[in-house]
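Colleague: First, the structure itself, so that you have it in front of you.
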Amino acid sequence: MTHPEWSWDLFVAGGRPHTLGNVQDAVKGGRRVTDFLSWIARNFDRSVTWKDLDFVREVWDGPIVIKGVLDADDARDTVKAGAQGLIVSNHGGRQLDGVKSSIAALPRIVDAVGGDLEVYMDGGVRSGLDVLKALSLGAKACFVGRAWAYALGAGGEAMVSRMLGTLKSELATAMILTGCDDVKAAGRELLDL
């Protein structure tokens, strides 16, 4: 809205066709964004249940990690389903913009599963301090999405390396400032909760 000329050019005058590159090959003849969104909607299986993991186990003998857990009851169900890990994630808040943040959900999920499976966190990790917070709250590791994607877009592999170096440096600084000399020993006391 603040750039009407750009909007006109992109959406009306000549910026077409808009496609979703990750599904473009699957949507034969797709020309409009709605073609791609319709295909995606048809391919989301809303009937999926925990029982569907039985099929996954039939075709996959490796570890199973469930992503998108934000609720302690779902975390306990993940344990019952026999998964080896879970990722506390709100998927960047894309689907439900008012959903709880991953870092807010993390402590209850860690408490709910104890050591029964590995807990990871995804979402909102923008700095080394964010990594230390997540580790302190019980995550075994963090995933970064936007940070590496933006770095890759801005400067390729070299910029991703630089971004990872920045995260590492920020993590080291956060550890020094909190008196933490081993991330494996990081606990909630670092956050003064």
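This table checks each residue for (1) closer than 30 Å to ASP54 by Cα; (2) at pLDDT 95 or above.
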position: ALA75; (1), (2): yes, yes
position: VAL88; (1), (2): yes, yes
position: GLY93; (1), (2): yes, no
position: ALA139; (1), (2): yes, yes
position: TRP148; (1), (2): no, no
position: ALA154; (1), (2): no, no
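Colleague: Check whether at least one residue in the range 56-63 is more than 26 Å from CYS142 (Cα to Cα) and free of Cβ contacts under 8 Å to residues at least 60 places away in the same chain, and report yes or no.
Modeller: The answer is yes; a qualifying residue exists.
Colleague: Out of the residues in the range 1-47 that are more than 25 Å from the chain's Cα centre (by Cα) and of a type in the set (A, V, I, L, M, F, W, C), which is modelled with the highest pLDDT?
Modeller: By that ranking, first place goes to VAL27.
Colleague: May I ask you to list the residues in the range 79-130 that are more than 15 Å from the chain's Cα centre (by Cα) and of a type in the set (Lys, Arg)?
Modeller: So the first thing to find is which residues in the range 79-130 are more than 15 Å from the chain's Cα centre (by Cα), and the list is 79-84, 98, 107-118, 128-129.
Those that are more than 15 Å from the chain's Cα centre (by Cα) and of a type in the set (Lys, Arg): LYS80, ARG108.
The values are calculated or read from the model by the stated rules, or taken from the named source; none is laboratory data. Nothing here was measured: the structure is a model prediction, and the numbers come from that model. Counting neighbours? That spans all protein chains shown, and the Cβs are built from the backbone with ideal geometry, glycine included.
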